[in-house]
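Throughout, read-outs are computed from the coordinates displayed, never taken from laboratory work. The structure displayed is predicted, hence computed values, not measured ones. Positions of Cβ are backbone-derived with ideal geometry, glycine not excepted, and every protein chain shown enters the neighbour counts.
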Amino acid sequence: NAGVMQNPRHLVRRRGQEARLRCSPMKGHSHVYWYRQLPEEGLKFMVYLQKENIIDESGMPKERFSAEFPKEGPSILRIQQVVRGDSAAYFCASSQGTGGLSEQYFGPGTRLTVT
Amino acid sequence: QQPVQSPQAVILREGEDAVINCSSSKALYSVHWYRQKHGEAPVFLMILLKGGEQKGHEKISASFNEKKQQSSLYLTASQLSYSGTYFCGTEDKAAGNKLTFGGGTRVLVKP
């Protein structure tokens, strides 16, 4: 039973370029969450999606960041015109349901470096 | 506002016990505990939903006091494999279904 898949695992972008991070949830999971983690810090919630819907994007910066979870294919976190401050590990997690009874399973993360 | 974890770090000898606390200023629906090793993804340990409920995972157990809005994670007879950073994630009644994570507690178990 494959776990949460993320790719790429490492991504290097120059300032001003675009970064696309992909996340395939566990089989049978329809809820996807994106988190950002700076070195030696905790996980910061960014966005929560279900298929074709953004449920909560209260943690997403208002500009340059967007997320989608299409009917077919992986969830994508897109960062336009990256800046050095975007360098971080980005984790996605998936769950089968929602609410307190549903544990979230994390992918291995994408480590974004902006030069 | 994120939950507060204490202590920030703890060093143990193999076989010793430790307690990690997670406190929130908000009324909580559930508390989730994760462990993350350096450079790896967080790994789910357990969810606590009801007040006073205790759950266990190997020799790691946790309690949730809904009235006090806090949870505690108990590492019993620690093993070297318990080393890592432990995060609590809280789900509060006002914020919907997302988790808000604490700053983490670094645990180092030495032989």
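Assorted remarks:
- Charge-dipole axis of chain A as Lys and Arg at +1 and Asp and Glu at -1 on Cβ define it, positive-most pick from A:THR115, A:ALA19, A:MET5: A:THR115
- Label zone (B:LYS68, point 7 Å along Cα-to-C-beta; backbone nitrogen cut-off 11 Å) within the range B:8-47: B:21-23.
- Globularity index of the range B:4-111 is 1.01 (Cα radius of gyration / 2.2 N^0.38 Å, N = number of residues).
- Additional length obtainable on full extension of the chain from A:GLN96 to A:LEU38, 0.36 nm per residue less Cα span: 18.2 nm
- Distance between modelled label sites at A:LYS51 and A:GLN80, nm, 7 Å Cα→Cβ extension: 2.9 nm
- Two-site FRET efficiency, A:SER87 against A:GLU63, from Cβ-Cβ distance with R₀ of 22 Å, rounded to 0.05: 0.80
- Theoretical FRET efficiency, 1/(1+(r/R0)^6), r = Cβ-Cβ of A:THR115 and B:GLU58, R0 35 Å, to 0.05: 0.25
- Simple point charges give the picture: +1 on the Cβ of Lys and Arg, -1 on the Cβ of Asp and Glu, and for chain B a dipole about the Cα centre of about 160 debye.
- The fraction of all Cα pairs in the protein assembly as shown landing in successive 5 Å bins from 0 to the largest distance is 1, 7, 15, 18, 18, 16, 12, 7, 3, 1, 0, given as whole percents.
- Trypsin sites (Lys or Arg not before Pro) restricted to the range A:1-54 and DSSP loop, no more than 15 other C-beta within 10 Å: A:ARG9, A:ARG14, A:ARG15, A:LYS27, A:LYS51
- If you count Lys pairs in the range A:1-74 whose Cα atoms are under 17 Å apart, skipping same-chain pairs closer than 8 places in sequence, the total is 4.
- Extension gain, B:SER25 back to B:ALA94 (0.36 nm per residue minus Cα-Cα distance, nm): 23.7 nm
- Restricting the range A:1-86 to GluC sites (Glu not before Pro) in coil, as DSSP defines it, with at most 11 other Cβ within 10 Å: A:GLU18, A:GLU40, A:GLU52, A:GLU63, A:GLU72
- Shown here are the Rg and Dmax of the Cα trace of the range A:1-99, at 13.1, 38 Å.
- Extended-chain gain in nm, criterion 0.36 nm per residue less alpha-carbon gap, B:ALA9 and B:ARG106: 34.5 nm
- If you plug the beta carbon distance of B:LEU80 and A:ARG9 into 1/(1 + (r/R0)^6) with R0 = 25 Å, you get a FRET efficiency near 0.40.
- Dipole magnitude of the protein assembly as shown, debye to nearest 20 (Cβ charges: Lys/Arg +1, Asp/Glu -1, about Cα centre): 520 debye
- Cα point-scatterer Debye curve for the range B:58-111, base-10 log of I(q)/I(0) at q = 0.12, 0.13, 0.23 Å⁻¹: -0.36, -0.41, -0.99
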